[in-house]
Structures are given as C-alpha cells and as structure tokens.
Amino acid sequence: MKIEDAYKEFITRLQLILAVIVITIVGYVISLFVDTTPLSLLSNFIVGLTLSYSLVASLAGYLYSPRFIDQIDKIREYFPQSTALGIILGFFFLLFSYLSTYIGFLSFFLDGLALAFDVLLTPLIFRGISFPKFMKEIKVGIKSDFTSFLILYVLALLSLLPLIDIIAIPLNAILSYLLLKEFYPFI
C-alpha cells in the first residue's frame, strides 16, 4: 500500500514541515485579519491558497530539496498553477460554506473532498500537464489504488484542522505523488 511508502518518505524528510508551518501561519493570520472585515468571503480563498502553496512546498521539498529556501523558490516557479488550484479550492470552500446552512456538518466532508482532489492535482503541476487534462488524470489516480485515495481523503480532512495540518499536508503530498507515479512513470 502506498501510505506505508509515503510515511517512510515523510519520516526521512521531517524538515518538510518547516515551509508548511510558515505558510500556514501566514495564511491563517491573513485569513483571521480578513475575516474581521467586510471582505470575510475572501478568507475561503486565502485558506485555499494557503493549502495549495503548502502542498506545492511539501512536494517540492520531497522531489527536489527539503531546504526551506528551495521550497519557496519552487512556489515562485509554479506560482500561476498553484494559485489557480488555490483559487479553485477557495471557490469550493466558499460554495460549501454557503451550503453549510442547508447541509450542516456535511460541508466539512465536502471541503475535504475538494482538498483531496487538489492534492491529487498538485503532482501534475510539476510535470507540465495541462489543466484540462488534469481532470482526466484524476480518475486514473483514484482507480489505481482506491484504499490510498480514502487515506488521502482522511488526510485531507485532517489538513483542514489547525496544528494537525502541519503533518497531514506533507504526508498527503507525498502520498498523492506516489499514487500517481505508479501509473504515470513520467511524473
């Protein structure tokens, strides 16, 4: 199962969490500030961007170099793609927060599902796969190892919780890469 491999890789690269800690703190501080203004709808997008940048930093640390400065450089290199994924994720967070008045706590599980798909898309950014092709490629990743996708989904849910996200995000990024790599050797 891929989760065991992802866990072993994560343990050997614990320094991946430094970038996630910094990005998460900055994102949540900005989100709290924006949440107290009339622009509170933007906090969903800020959280989406924070999670997306954290995923890119974690994956960059895993694939290239676990040094903090190298991870930040990769965020800058893939800024348009990771920003697009973060904005889309933020849109889903906004939509599900609006729907939460109708569906209650289920919106948390929908947020986790949106994040799980974002996690699956993140490794594809590093290999230049076009955005329209992303959606087609997700199906293959899910079908390849459904148990790992369920674990990825649970980790996505945990990534929505403060403090736990520091460990869940890098582990999730590594798992998604290993899950897709099995069926796409070019990744």
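The values are calculated or read from the model by the stated rules, or taken from the named source; none is laboratory data. Computed from a predicted model, the values in this text were never measured in an experiment. Here the Cβ positions follow ideal geometry from the backbone for every residue, glycine too, while neighbour counts run over all protein chains shown. Heavy atoms of the whole protein, side chains included, go into the accessibility calculation; ligands, DNA and RNA do not. Shrake-Rupley method; radii C 1.70, N 1.55, O 1.52, S 1.80 Å.
At-a-glance table
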read-out: Every residue from segment 42-69 that is open to solvent by 10 Å² or more (accessible area, probe 1.4 Å), more than 15 Å from ILE21 (Cα to Cα) and out of contact with any Lys or Arg (no Cβ under 9 Å at 6 or more places or on another chain); value: LEU42, SER43, ASN44, PHE45, ILE46
read-out: Any hit, segment 59-66, residues being part of a helix (DSSP H, G or I), without any contact (Cβ under 8 Å) to a residue 40 or more places away in the chain and of a type in the set (Phe, Trp, Tyr); value: no
read-out: Leading residue by the ranking (modelled with the lowest pLDDT) among those in segment 172-187 that are farther than 19 Å from ILE88 by Cβ and open to solvent by less than 20 Å² (accessible area, probe 1.4 Å); value: ILE187
read-out: Qualifying residue in segment 88-104 (condition: open to solvent by 60 Å² or more (accessible area, probe 1.4 Å), over 23 Å from LEU42 (Cα atoms), of a type outside the set (S, T, N, Q) and over 17 Å from the mean Cα position of the chain (by Cα)); value: no
read-out: Filter result for SER148 (buried (at least 16 other Cβ atoms within 10 Å of the Cβ), of a type in the set (S, T, N, Q), out of contact with any His (no Cβ under 9 Å at 6 or more places or on another chain) and at pLDDT below 85); value: yes
